[in-house]
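FYI, it's all coordinate maths here, none of it is from the lab. Please read these numbers as outputs of a predicted model, since none were measured by experiment. Counting neighbours? That spans all protein chains shown, and the Cβs are built from the backbone with ideal geometry, glycine included.
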Amino acid sequence: MDDLLSEFLTETSESISVLDVALVNLEQNPNDREILQNIFRLVHTIKGTCGFLGLPRLEAVAHSAENVLGKFRDGELEVGAHAVTLILTSIDRIKLILSHLEQHEAEPEGNDQDLISQLNAMAEGKPPGAAASAPPPPPPPPQPSVSKKEPLPGEVSDEELQRIFDATPGPADMAPPPAPPPAQEQSQPAHPSEPHEAKGGLPATQAESKAPAMSGDAKESAVAAQTIRVNVELLENLMTLVSELVLTRNQLLQMVRGRDDSEFSAPLQRLSHITTDLQEGVMKTRMQPIGNAWAKLPRIVRDLSVETGKKIDLQMIGAETELDRQVLELIKDPLTHMVRNSADHGLEGVEDRRKAGKPELGKIVLNAYHEGGHIIIEINDDGRGLNMGRIRQKIVQNGLASEAELDSMSDQQIQQYIFKAGFSTAEKVTSVSGRGVGMDVVRTNIEKIGGTIELKSVEGKGTNFTIKIPLTLAIVSALIVECGGERFAIPQISVLELVRTTGTSENAIEMINNAPVLRLRDRLLPLVSLKSLLKLGKADEELAETFIVVAQVGTYTFGIIVDRVFDTEEIVVKPVAPILRNITMFSGNTILGDGSVIMILDPNGIAAATGAMAGSSQAAEQAHLKDLHGEEKTSLLVFRAGGADLKAVPLALVARLEEVDVASVELSHGKPVVQYRGHLMPLIMVSEHCQLQKEGRQAVLVFSDHERSMGLVVDEIVDIVEDILKIEITVAQPGLIGTAVIAGRATDVIDAGFYLTQAFGDWFGVTKETSAFGEEQGGKRILLVDDSLFFRNLLTPLLSVAGFEVTAVEGVDKALALREQGASFDAIISDIEMPGLNGFQFAEAVRGDARWMTVPMIALSSHATEKDFERGRKVGFNDYVAKFDRDALLETLSQIVTGGAA
Amino acid sequence: MNQLVPAGKRSLAEISAETQDYVTMFIDGQMFGIPVLTVQDVLGPQKVTRIPLAPREVAGSLNLRGRIVTAIDVRRRLNLKDREGQTKPGMSVVVDMNGELYSLLIDSVGEVLSLRSAAFERNPPTLDPLWREFSAGIYRLDGKLLVVLDVGRLLDLGRSEG
């Protein structure tokens, strides 16, 4: 539903319930001006809003009601029971229309002439026809006169009402439920005219009027029921309570931990789950899209552009990014202020822009997105940028720094002065900005919530502000470490892994001119010693073992040396006291489960403290990252079978992990099989050293393909890890692809294809889809280009078994070299993500040369999105297949090759 | 804390509009006072977590019923020597400053005194400039002088450093 409309509905429902009460009060104190004034205002507001939203029917009713109320207010009409009823009727009608609005987002058909004419008649001070005739007010106590005067009209009005009811098409068009209210509203006017004595004699009328009233109540606007307004303070309190609950829960968990037999375990587990759910729920109540804070900006910018004669285009990206309400409230004003600044000072006038060779339309771009537990908000403008000359002048003028000091500063440092109090370089104070209060307040506000603000500005090009604020001020998961006898928390989100080093292990810390580094897998990791960073003692005290927390900040990865690592804990982040806020190493503090206070380390601050190092290795870092991205991570299942050494297989190939009862293992042709899901499943040993368990249950990796399954017998399933699969050592041994470093351990990667063919010699060949082409494919030559040895090793046997002759190369240059040598192929299968030239470039190269121009090409990638597909098509791939999808690959290949041949 | 219970021996005259209540405390034998209404809690010895890199006046932080309170070592703040040979653990007085809680570490807490403004004196000009900064004035008591601490300035760590 339209936001505006739903807000209107919520608001109006609220006003109406207030109105109901107010009207009843009014009936009791007809001369209370204040109540009247109040009612008048409420109805007036409803009318005004309806007109604004284009709801004519609602507006008409509200308008007429307002007229009557106006007369009451001005004392032109006496407030009588009948009048109040009529107003109540109007309100009921408004409710009815509202409920329809809520369901269909449009006003119901029909008109309210009946009601309006009654209201108008009332406003003019005469009884509306014979029927619902309210007595003209003159007699001071109106009520007695009502009861005496009209014994009959009660019945008359029933008929009359029926007629009106029939004539009113509106409600009849609606879904049945809303129908009753009209009956109610029309029977109500009858009430006051019913003599009291007659009431008992008219049970039908009463029932009729009451039942709908109840159904009306029950249907109280669903929107109103779905959303309630809750005092923010209540939510805050709730959040604080939940935070405390989490802490207490943690404390309890810590007490029970290590006591397996504790009778508290189960209920505590349950409590723990509920607490977590509660925490999430409460957190959610506090999340709001950042767009809420931006809602006013378009208007502000528009007004500004009119006022200053500038042409401004405000773009807002990522308005749906959600963040904690508390944070949102705190950044709302700074953001507004900054956008205003950009529009007022940042952007030039049309004339100046034209002179500067820029488009007349100045741009302000707001961009919000999540990054590593933070929200980043960027405010960019393409205006004139900060005027360095004027800033310098101002700094000297205000005595903030001397010329000499300024000379030794970088532009960036000088620009930071705009965040000082009382600093404005605007030549004149406009109504909008330029009073020199502002940027300092912006900065203070942002820092108050643990955020940072960065400024980049190029004179003549524009200004860029980057605000980084925590997603929520509430709860994060953190790793607890110890250093120099003190404990610290490191937000889990920036921790990549933990490395334990001892003097003798292969992971020893090495020194380059007193700068500690660590060889981690195949790269050098810069290290910082927390102890020396926090001045907690000398870093060179040799410990038998230390731990390194590998942390990542943006693109910079580094290790933090700590003495000990405890476990992770959910912590409630509390901001540090203002007097400690200038210590950039900490992002907050918290109370642990045991009640002690600990500081939360800010990896950003630590990275910044090692900034010089980060800067110089930035380029290398970038290059390295590119490498890293070249090799995607693969989920691998690590297990042991036939020996203590670790083995691994890509998880994607494994259908299920099962345990079979050894007793159910049967023999077929001397080979073990089990009945599995209605079929016989052969059990294959990884090697001859491997044996089935003597008794109990046997762990089995199930590989499935259509109705066939094969079980690979393993001793133990160790872990599932996600790592870069890079085969370091290849071996000739069948069944093994080679050895790779997986999660820091040397692991044998098994060739699943080998075992599959052991189970069913024809595993890849004779499924219905591919068998038809099986023979024809003999001798078809395939070129396989993939940088990953694993995939080459996986696909080569697979394709060979399917009857293709496969040439596998590891890169585009090798493939193109083959072309130079005059090799020819029937099809090319190529990976997309490869170092050097990628698959798309490869395809372009292939298609751009006459020799292989017509060879069908299949792209192979783990990212088979529609977009990639499109791009693949464009550069010349015939088809696009997801990695690991054997069937699709074989089928595609068969079609393409045979199709090409035909 | 029985120290917080106002002494019952005050005469009616003393409770006139002319008096103000102070919590008294001692550091190095010197009596200090802060207005009773600024005091939130009086605590015995607490486990204080060190905060690395913090100004030396900051003793650390402690947990006061789920709230984190920054502990300020008033001794260091007043440029007095650290206590020698921790004979008796210190106490602290928790004050609220703009919604933030701070705990002032001192040697001991005395009683609450109602002091007549007639006994109030401005800082003598000979007072150490640092003390003059933190002292809001002096009360003449029987046999003793009470230095009224300006809590706001005491907690404004950035100020005296800058």
Rounded if a/c is under 1.5, else prolate if a/b is larger than b/c, else oblate: which is the stretch A:796-872, with a ≥ b ≥ c the root eigenvalues of its Cα gyration tensor? oblate
If R₀ is 41 angstrom, what is the calculated FRET efficiency for the pair A:Thr248 and A:Leu498, using the beta carbon separation as r and rounding to 0.05? 0.90
Sequence-separation-based contact order of the stretch A:291-470, relative, with Cα cut under 8 Å and 6+ spacing, percent: 24 percent
Among the trypsin sites (Lys or Arg not before Pro) in the stretch A:258-297, which ones are in a DSSP loop with at most 13 other Cβ atoms within 10 Å of the Cβ? Mind listing them? A:Arg259, A:Lys296
A:Lys671-A:Ser410 pseudo-label distance in nm [points 7 Å out on the Cα-to-Cβ vector]: 6.7 nm
Note down the nm distance, to one decimal, between modelled labels 7 Å out along Cα→Cβ at B:Glu18 and at A:Asn513. 7.5 nm
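With a cap of 11 neighbouring Cβ atoms within 10 Å, and only residues DSSP puts in a loop, list the GluC sites (Glu not before Pro) found in the stretch A:242-327.
On the way: sites: A:Glu244, A:Glu263, A:Glu280, A:Glu307, A:Glu320, A:Glu322; in loops: A:Glu263, A:Glu320.
Of the GluC sites (Glu not before Pro), the ones in loops of the stretch A:242-327 whose Cβ has at most 11 other Cβ atoms within 10 Å are A:Glu263, A:Glu320.
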Pairs A:Lys310/A:Lys358; A:Lys394/A:Lys420; A:Lys355/A:Lys456; A:Lys363/A:Lys456: which are spaced more than 18 Å apart, C-alpha to C-alpha? A:Lys355/A:Lys456
Taking 0.36 nm per residue of sequence separation and subtracting the Cα-Cα distance, how much length would be gained by fully extending the chain between A:Thr466 and A:Val306, in nm to one decimal? 54.9 nm
Inter-label distance for A:Ser664 and B:Arg140, nm, one decimal - labels placed 7 Å from Cα along Cα-to-Cβ: 10.0 nm
Relative contact order of the stretch A:232-286: what whole-number percent is it, with Cα pairs under 8 angstrom and at least 6 residues apart? 57 percent
Across peptide B:44-54, what mean number of C-beta atoms from other chains lies inside 10 Å of a residue's C-beta? 6
If you take the beta carbon distance between A:Arg270 and A:Glu124 as r and set R0 to 51 Å, what does 1/(1 + (r/R0)^6) give as a FRET efficiency, to the nearest 0.05? 0.15
Taking a ≥ b ≥ c as the square roots of the eigenvalues of the Cα gyration tensor, with a/c under 1.5 meaning rounded and otherwise prolate when a/b exceeds b/c and oblate if not, the stretch A:291-470 is oblate
Please sort A:642-649, B:54-61, A:25-32 by packing, taking for each peptide the average over its residues of neighbouring beta carbons within 10 angstrom, highest first. B:54-61, A:642-649, A:25-32
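Can you order the peptides A:507-520, B:65-78 by their average number of other Cβ atoms within 10 Å per residue, highest first?
B:65-78, A:507-520
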